[in-house]
Amino acid sequence: QDDLSVVFQPIVDPGSEKIKSVEALARWQHPKLGPINPIEFLEIAKESGVGLVVERRLRFMALTEMRPFLQHEQIESISLNVSPLELAAEDFVRTFIQQIEDRDIRPDQIWIEVTESEKLRDIEVTKANLEQISRTGVRIALDDYGVGYSNIQRLAELPIDRVKIDKSIVQNVELDPKYAGVCRSSVQLARALGADVVAEGVETAEQLNEIQSMECDLVQGYYYFKPMTLAEFRGVFGNNAIAAA
C-alpha cells in the first residue's frame, strides 16, 4: 500500500559538530494501527517470504531521497542496514551495486550496516559477499556492537571498516566504570582492526564528554539529532538545502 517510509538519523563529528553521514531507518505508519515497530514488521516480512522485497524497496527509497545530498556533497555518505537474510543471498552484491549505480551514487558513499544482534546466516556466503562488495568501495560497519553474537575472531575475519558501539553501553559510560571500561576497550579493539568508531545513542552532554575522552570518531544520538523525515533533514541545512530530485 506504499505505507512504508524511511527517516534519517545524522552521524556527527563531535569535534566540528558537522553532519558527516546519515543512517536510513525504516518506518511503517499503518492507517489503522498507527506506527509499527520496525523490528516487528521487518521480522513479519521475513517470515512471510517478502523480506528481501521489503528491504530492497526501503533501500531504493533511501537512496533516492539522499541522492541530491550525496551528489552535492552536503553529506559524505549514507548507512544502510542489511539483514543476515540478504547478506546470505546469492544475488546480493549484484542487486546492491545495481541499485547504487541506478541512482548515480558512488560505492564509497555507501556504508552497509551489519547488525551484530542478529546471527549471521551461511557464514561462508556472507563472508564472500562482504569481501566482494568491499572491493567495490562500499564500506562495512558492525552495528550494535557489544550486545550480539560477534567474537574477536569473527571481527578479524570480516572486512569491517567501522564499529558502532551499542547505545546500551554508551548510555551507561558516565554511570558505571564497568561500562566505561567496555566502551574504552571496544574503541581500542576497533583501532586494532583498522576501523573507526561510532558511539550510538548519545543523549546527554555527560555521555558525550565521556565518549570524546575515549576518542570515538563519530556520534549518533538524540543529543544532536533524532531520526528525521526528508523535509526535516532539509530544514537542518536551512537556505543551503537542495531539493530532492
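Summary table
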read-out: Residues of the range 30-82 classified as at pLDDT below 90, open to solvent by 90 Å² or more (accessible area, probe 1.4 Å) and not in a helix (DSSP H, G or I), total; value: 4
read-out: Residue within the range 197-208 that is under 25 Å from I112 (Cβ atoms) and open to solvent by 60 Å² or more (accessible area, probe 1.4 Å) present; value: no
read-out: Members of the range 83-125 found to be polar (S, T, N, Q) and at pLDDT below 90, listed by number; value: S83, T115, S117
read-out: Any pair with Cβ under 7 angstrom, 6 or more apart, that starts in the range 174-188 at a residue that is buried (at least 18 other Cβ atoms within 10 Å of the Cβ) and ends at one that is among the polar types (S, T, N, Q); value: Y179/N172
read-out: The range 212-225 residues that are touching a residue at least 12 places away in the same chain (Cβ under 8 Å), paired with ones that are part of a loop (DSSP other than H, G, I, E, B) and open to solvent by 40 Å² or more (accessible area, probe 1.4 Å) (beta carbon under 7 Å, 6 or more apart); value: G221/E203; Y222/E203; Y223/E203; Y223/T204
read-out: Test result for L85, of a type outside the set (K, R), outside any helix (DSSP H, G or I) and at negative phi; value: no
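The values are calculated or read from the model by the stated rules, or taken from the named source; none is laboratory data. On a predicted model such as this, the values are computed, not experimentally measured, just so you know. Neighbour counts are summed over all protein chains in view; Cβ atoms, including those assigned to glycine, are modelled from backbone coordinates with ideal geometry. These area figures cover heavy atoms from the full protein model, side chains too; ligands, DNA and RNA do not enter into them. Shrake-Rupley method; radii C 1.70, N 1.55, O 1.52, S 1.80 Å.
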